[in-house]
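S.K.: Take this structure, written in structure tokens, and hold onto it; I'll ask about it next.
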Amino acid sequence: MTSTNLYQNCAIVIPAYNEATTIVDVVNKALIYTPNVIIVNDASTDSTAALAQETKAIVISHAVNSGKAEALITGFNHAKSLNGIDFVITLDGDGQHNPDNIPELIQAYAAYPNRLIIAARLNNRENAPKARLFANKFADFWVSWAASYKIVDSQSGFRLYPISLVSQIKSHYNKAQGFVFESEILIIAAKLGFKFAFVAIDSFYPEQRRASHFRPFYDINQITRMVALTLLRKALNPVGLFRYFFTKPIIKQK
């Protein structure tokens, strides 16, 4: 891809905490598609920050580790300050998300404008750790029910957010609730009238990446608690439950 084909209207946000083994490769691949790559170093204790500074990405560092939610908000806020940004793509810095899938998300957005696009790990799902796979499916059910929209891979951090949605996102999460943010924003997006589309990607868990910060049982418990409170406020949202079982999501295959 030549520089004339870069997605100038796209910003990519990569939250990073102790990603020294993978961050350079992930960032350099992302830079192929846009110069607007924003790394948010969440007070890493390894060489993540130094390695990130050696790339051509924009690097923002937190002085204190604040969790993934705050890292994403920091990246979103910077993306909003850039001129001409139409959408923001988020992906993790641990190598789990392949930046080469970025054009597929953008193509899906072109086909379904102003939708939140999720890269759903539907291919080769046998590669996923069993506890993670169960936790993800469990979360999908609860989040879909609360959002009144069938969500596929609600725990994927590889997403495309319309800038009109990003501009309405605010943070009220502490470090312990970092992973709740990515679930609740789906519910908030649905409440604001945004619809969803999904791009099927491979399930990939590289051996060299650091141990996941996601704790399947603790974090799913936090997500379930948030969703349960949402459902109670919606009188258990029977419409959402119906839509989970009887609607078919838009999924773009390769």
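S.K.: Any chance segment 192-199 includes a residue that's of a type outside the set (Asp, Glu), touching a Phe, Trp or Tyr at 6+ places or on another chain (Cβ under 6 Å), farther than 27 Å from CYS10 by Cβ and at pLDDT 85 or above?
M.R.: no
S.K.: Also, I was wondering about something else. Need a quick list: strands (runs of 3 or more DSSP E) entirely within segment 1-87 having at least 2 residues that are more than 18 Å from ILE106 (Cα to Cα) and without any contact (Cβ under 8 Å) to a residue 60 or more places away in the chain.
M.R.: The qualifying strands (runs of 3 or more DSSP E) are 37-41, 58-61.
S.K.: Of all residues in segment 235-254, which are of a type in the set (D, E, K, R) and more than 16 Å from ALA120 (Cβ to Cβ)?
M.R.: Once the filter is applied, which keeps residues that are of a type in the set (D, E, K, R) and more than 16 Å from ALA120 (Cβ to Cβ), segment 235-254 yields only ARG243.
S.K.: Continuing with this model, one more query. Output the residues belonging to segment 124-164 that are surrounded by 21 or more Cβ atoms within 10 Å (Cβ to Cβ) and closer than 17 Å to LYS191 by Cα.
M.R.: TRP142, VAL143, SER144, TRP145, ALA146, ALA147, TYR149, LYS150, ILE151, SER154, TYR161 - these are the residues of segment 124-164 that are surrounded by 21 or more Cβ atoms within 10 Å (Cβ to Cβ) and closer than 17 Å to LYS191 by Cα.
S.K.: Among ALA57, ALA119, which is the only one that is crowded, with 24+ Cβ neighbours inside 10 Å, under 23 Å from LEU6 (Cβ atoms) and touching a helix residue (DSSP H, G or I) at 6+ places or on another chain (Cβ under 9 Å)?
M.R.: The match here is ALA119.
S.K.: Out of ALA63, ALA52, which single residue is open to solvent by 40 Å² or more (accessible area, probe 1.4 Å), more than 23 Å from GLN168 (Cα to Cα) and small (Gly, Ala, Ser)?
M.R.: ALA63 is the lone residue from the list that is open to solvent by 40 Å² or more (accessible area, probe 1.4 Å), more than 23 Å from GLN168 (Cα to Cα) and small (Gly, Ala, Ser).
S.K.: Pull up segment 132-166, narrow it to residues that are part of a helix (DSSP H, G or I) and among the aromatic types (Phe, Trp, Tyr), then point me to the one that is nearest to ILE220 (Cα to Cα).
M.R.: Going through the qualifying residues, I end up with PHE138.
S.K.: Across segment 34-64, what is the number of residues that are closer than 16 Å to ASP92 by Cα and either at pLDDT below 95 or touching a Phe, Trp or Tyr at 6+ places or on another chain (Cβ under 6 Å) (or both)?
M.R.: The total comes to 2.
The values are calculated or read from the model by the stated rules, or taken from the named source; none is laboratory data. Since the structure is predicted, the reported quantities are computational estimates derived from the model, not experimental observations. In this analysis, Cβ positions are derived from the backbone assuming ideal geometry, glycine residues included, and neighbour counts consider all displayed protein chains. Accessible surface areas use protein heavy atoms only, side chains included; no ligands, DNA or RNA. Shrake-Rupley method; radii C 1.70, N 1.55, O 1.52, S 1.80 Å.
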